[in-house]
Amino acid sequence: MGPSWETIDFKVQTTEVDPTTQRIYANGNMQAHVVVSVRAIDPADNEPYHLTQDELNSIMLVDLDGPLKPLSSPCGASFDENIYDHKMTGSGSKQYQALDTAETPKEGFDKVSFWVTTARVESKNIGVQIRQPGGAMVDTSGADDFDSHVTLVGVAPRPISFEDLRLSGETEIHREESWRQANFYLSIRDREVRYMECPGLENAIDDHEIASFQDCGFSDFVMATNFFCWPPGERRTVTLHTRDLGDIPSIINQEKNHGCLTRVSMTYTGQDHGHALWVEGELTVYDQCGTAGSCYPKYPNRLYLELSKWQYQG
């Protein structure tokens with residue numbers, strides 16, 4: 001038989017200056033930090049009882065707009081914080097100063113954090129619910145002992161248009177007699193690139209490969225070009241797996257808060273027959289708040305790199 005306990009205090013708040021409300025962009029990625037505090041006792045002796053991690057993880061966020069129900073789409077909740085900012089771009093800093101009182105448990109309280117998103121422009125009232133030993137459900141709807149909720153305000157995100165996307169000119173990284181490497185950097189006007197999704201190339205030789213071209217000329221002369229895509233991150237050296245030269249080292253992410261696109265061009269003699277492979281999907285970039293924009297890579301002369309609104313046709 002498991003431990004017996006009952007809830008004597010139960011509340012939910014944000015970590016904002018106003019702990020009852022948080023505004024976030026309604027893009028499905030930006031998160032509000034919601035903290036649940038619960039205090040319990042053992043009814044046999046009225047001594048404090050501290051919930052186990054499994055018991056804390058059983059707490060559910062609930063939708064208080066209408067009949068009580070678990071929080072669901074277009075809202076989402078996770079125990080994990082993602083990579084995007086929790087402060088709306090352009091908002092005053094005072095509104096977003098975290099409250100230590102929300103994040104630091106008071107004596108006798110147990111706390112659990114949720115990271116909440118929404119994909120809809122609306123105000124959503126959110127409470128919490130827990131099942132006590134014996135099956136009794138306790139919530140903060142105000143119907144019984146506890147009345148506590150937060151209001152999540154979903155705000156229309158600033159869209160990212162194709163015209164907001166910028167691709168830098170090539171920056172040569174390495175040159176040898178038979179091959180050279182250059183990087184291009186993708187940015188968003190007036191914003192950071194926090195993440196970039198690169199569609200995978202079918203039968204790719206490298207997980208980051210997005211295009212491969214091989215043209216054969218006279219006297220067994222071959223010119224080959226591979227393109228690769230990298231999300232923003234720390235400057236580092238990686239190993240590129242190429243179709244023609246095997247593994248070669250490459251420096252990526254010299255530009256902070258940019259997506260990185262790498263071109264490796266090679267010339268050699270051989271008996272190859274030529275090929276042209278490229279991804280048909282879009283590149284999707286996300287700003288620091290998780291709002292997405294997209295474009296297609298384009299390969300003029302199979303050697304250069306440009307951005308396009310339309311899928312590359314070869």
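Every number here is computed from the coordinates shown, using simple stated rules; none is lab data. Values in this document were obtained by computation on a predicted structure and should not be read as measured data. All Cβ positions, glycine included, derive from the backbone under ideal geometry; neighbour counts span all protein chains shown.
Below, the figures for the structure above:
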| item | result |
| --- | --- |
| Reachable lysines, given that their alpha-carbon falls under 23 Å from the alpha-carbon of LYS111 and they are not under 8 places away in the same chain | LYS11, LYS69, LYS87, LYS124 |
| Spacing of the two label points (7 Å from each Cα toward its C-beta) at ASP207 and GLU163, in nm | 3.8 |
| Extension gain from THR151 to ALA136, taking 0.36 nm per residue of separation minus the Cα-Cα distance | 2.8 nm |
| Spin-label model distance (nm) - THR52 vs ASP215, 7 Å beyond Cα toward Cβ | 6.7 |
| Label-to-label distance, nm, for residues given as ASN125 and GLU176 (7 Å Cα→Cβ offset) | 6.8 |
| Computed lengthening from ASP144 to ASP45, 0.36 nm per intervening residue step minus Cα-Cα distance | 33.3 nm |
| Solitary cysteines of the chain, where the nearest other Cys Cβ is not under 4.7 Å | CYS75, CYS216, CYS260, CYS289, CYS295 |
| Most fluctuating residue given options THR239, THR284, THR21, as computed from a GNM of the chain linking Cα atoms under 10 Å | THR239 |
| Entry for Cα extents along the principal axes in Å (calculated from the structure that is shown) out of [x] 91, 43, 32; [y] 66, 49, 41; [z] 55, 53, 34 | [x] |
| For the chain, calculated [θ]222 nm from helices alone, where every DSSP H run of n ≥ 4 adds -39500 (n - 2.57) | -500 deg cm²/dmol |
